[in-house]
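For reference, the structure discussed in these notes is given below.
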Amino acid sequence: MRIKLKRSAVPGAVPDVDDLQDGEIAMNTADSKMFVNVGGAQGSIVEVSNKGQTSAEVTAKATVMAIALA
């Protein structure tokens, strides 16, 4: 038996409460993020995992900030 999660390959895409049932998990393969509908009366989508930033991304942001502050 295989478990197949709902998924999207569109960068920046986040599921809507209408896309997921309470407790259902979805992933965005382009952004390496996972989301869950935590449920309740209104429902709420929460990001539960992401790839984090690479050291190159952190260095690039630090460089841009240093230039902006100079």
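The values are calculated or read from the model by the stated rules, or taken from the named source; none is laboratory data. Just so it is clear, the model here is predicted, and its values are computed rather than measured. Backbone-built Cβ (ideal geometry, glycine too); neighbour counts: all protein chains shown. To get the accessible areas, we keep the full protein, side chains included, count just its heavy atoms, and leave off ligands, DNA and RNA. Shrake-Rupley method; radii C 1.70, N 1.55, O 1.52, S 1.80 Å.
Worth pointing out:
- Annotation note: Cβ proximity below 6 Å between a residue of the range 38-58 that is in contact (Cβ under 8 Å) with a residue 12 or more places away in the chain and a residue that is open to solvent by 70 Å² or more (accessible area, probe 1.4 Å) (sequence gap 6+ or interchain) occurs for GLY39/ASP22; SER44/VAL38.
- Any chance ASP18 is modelled with pLDDT of 85 or more, outside any strand (DSSP E or B), acidic (Asp, Glu) and exposed (fewer than 12 other Cβ atoms within 10 Å of the Cβ): yes
- Residue match in the range 25-47 (condition: exposed (fewer than 13 other Cβ atoms within 10 Å of the Cβ), in a strand (DSSP E or B) and at negative phi): yes
- Taken over the range 48-70, the criterion of being at pLDDT below 75, in a loop (DSSP other than H, G, I, E, B) and open to solvent by 100 Å² or more (accessible area, probe 1.4 Å) is satisfied by GLN53, ALA70.
- Search result, residues across the range 33-60 that are among the acidic types (Asp, Glu) and more than 16 Å from the chain's Cα centre (by Cα): GLU57
- Members of the range 1-10 found to be in contact with a strand residue (DSSP E or B) (Cβ under 8 Å, 6 or more places away or on another chain) and part of a loop (DSSP other than H, G, I, E, B), listed by number: LEU5, ALA9, VAL10
- Within the range 7-28, residues that are more than 15 Å from GLN42 (Cβ to Cβ) sit with their Cβ atoms under 7 Å from residues that are among the hydroxyl-bearing types (Ser, Thr, Tyr) and open to solvent by less than 50 Å² (accessible area, probe 1.4 Å), at 6+ positions apart or across chains, in these pairs: ASN28/SER8.
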